[in-house]
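Rule-based calculations on the coordinates, nothing more; no lab input. The shown structure was predicted, so the numbers you read here are calculated from the model rather than taken from an experiment. Glycine also receives a Cβ, built like all others from the backbone with ideal geometry; neighbour counts cover every protein chain displayed.
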Amino acid sequence: MDKNINDELLFSDDAISQEREENKGKTEEQTISNNLKWKILIVDDEIDVHNVTKLALRNFSYESKELEYISAYCAKEAISIFKDEKNIAIVLLDVVMETDEAGFEVANFIRKDLKNHSIRIILRTGQPGAAPERYVIDNYDINDYKEKTELTSKKLYTVIRTGLKAYKDIISLENNKKALEYILRSAPTLYEARSLNLFFEGVLMMVTNLIRMGSSSIIATVDSFVSYPIPKNFKDMNIFACTGECKNNQSFFKAKIIKYISKIDKIKETKIFDDGTMLLPIFYGDKLIALIYLEGVNEPSEYDFKLLDILASEASVALQNINLFTQLTEEHDGAMGMLALASEYKDEVTGSHIKRVKKMVEMVALEYGFSQKEAREMGEASTLHDIGKIGIADNILKKPGKLDKEEFTSMQLHTIKGKEILDTHSHFELASQIALTHHEHYDGNGYPNGLKGEEIPICGRITALVDVYDALTHQRPYKKAWAKEDVIEYIKQHSGTQFDPKIVDIFLKVIA
């Protein structure tokens, strides 16, 4: 340590003694929480340098946040600290410690290994000859270079304040960039939602991630939404998603939301309340569709508000897509239901048959590994597997006895006719595949195209087995119902020939 430093400078014996005296009996409870402090890493092999630095900065505060000091006494220790400590703002770094270039190792680790260019590195050296300033500036990505003899209390204050401002500005820019990237990356997921629950859960997640929400959040709306301006006392509120304490006390938070609504004159404006509560409305045209209620948040920046406006706009458009999708789905299901009803009128025997087939196809598809949505769609599509029978003559379709060769050939055409009917609309592609292939056999001896193995779509293979099982276990004009045990035995015997062996195993498990 330099011994010729005068009383104004940091590194004096009197200052060290004062530091030790002031720290006697100090406990953690007397300090504010870490997340409200600026983290300063002091890397120096002399303990007195650590003590005097803390003493000189003991009353320091920047933007209402104090300093938290982390100490390392060699390069190796400093590098290990970065494994556990996050958000270090400034490193006060000595050069000569266990080696003549130990400080440079730490600087290189921060910039090259961690790829962290936010931390402000302030090099302090008591041996400037070992680390000439020009060499250091040219070869290392540091932010300031000071000889220890330069650092009076006033100059150290200036260095730290300037470093923290630069750090804060860099972090703010990085956060803004990440937030915008998050919006651009995540917004499309809103358009993938096909239910209000998934939609609102996605919106809440995006908002809370964007503004780094604190303790609790909730997103709610009212039945059928409400027109603007909203009534001050509405209570028919549906909670679609929530976090934190909201999960366990929804009625309490409903009351809170109603309370805040009563304070708002212009609900179309995002509001921040003094107690850290935020209410973000989302509109669909002139209708308020949702309220996002957040607690424990710091007031967002102007940039945050702009991103929230973008998110709210994206959410509104996404909701319109959901409504459109819902309408199209309902129309599609309605059209499918009408076609299925038409096939029932043509062949009264198959009316209940297609309902049972639908249920079993869905069960087998789920067990096979399809999602609930995919299994449901396959079950719905299977209701039209015999739609082609509309084009089959009644004397063949309702014949009480066995069909002759010519009649059977005509009956086989119902698969092709079904495909022709369903191919008139692209939304019936799955049903078209089932209609065409549900009489194909796994060994290639089925009809109409003699497909074999996995040439047959999985939807056709599943429906083929289910269709045979239900047909055999129920009475038809040309036969009596078989016992369930006999049908199971038939299916086992024809596994690998008429039926896909894997689907046989799954089906037998489902109906057991």
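A few notes on this one:
- Label-to-label distance, nm, for residues given as Asp141 and Thr158 (7 Å Cα→Cβ offset): 2.7 nm
- Within-12-Å neighbourhood charge of Thr158 [Cβ basis; K, R +1; D, E -1]: +3
- Using a cut-off of 20 Å between Cα atoms, the listed pairs Lys405/Lys484; Lys54/Lys146; Lys389/Lys502 include Lys405/Lys484; Lys389/Lys502 as exceeding that distance.
- Ranked by how many other beta carbons lie within 10 Å on average, peptides 84-96, 364-376, 498-510, 430-442 from highest: 430-442, 84-96, 498-510, 364-376
- Modelled FRET efficiency - R0 41 Å, Ile511 with Thr409, Cβ distances, 0.05 increments: 0.80
- For peptides 401-413, 157-169, 54-66, sequence by mean Cβ density within 10 Å, most packed first: 157-169, 54-66, 401-413
- Subtracting the Cα-Cα distance of Phe305 and Asn449 from their residue separation scaled by 0.36 nm leaves 45.7 nm.
- A simple spin-label model places the labels of Lys502 and Ser251 5.1 nm from each other, with each point 7 Å out along Cα-to-Cβ.
- Summed over all non-identical Cα pairs, the Kirkwood treatment of the stretch 419-512 gives a radius of 13.9 Å.
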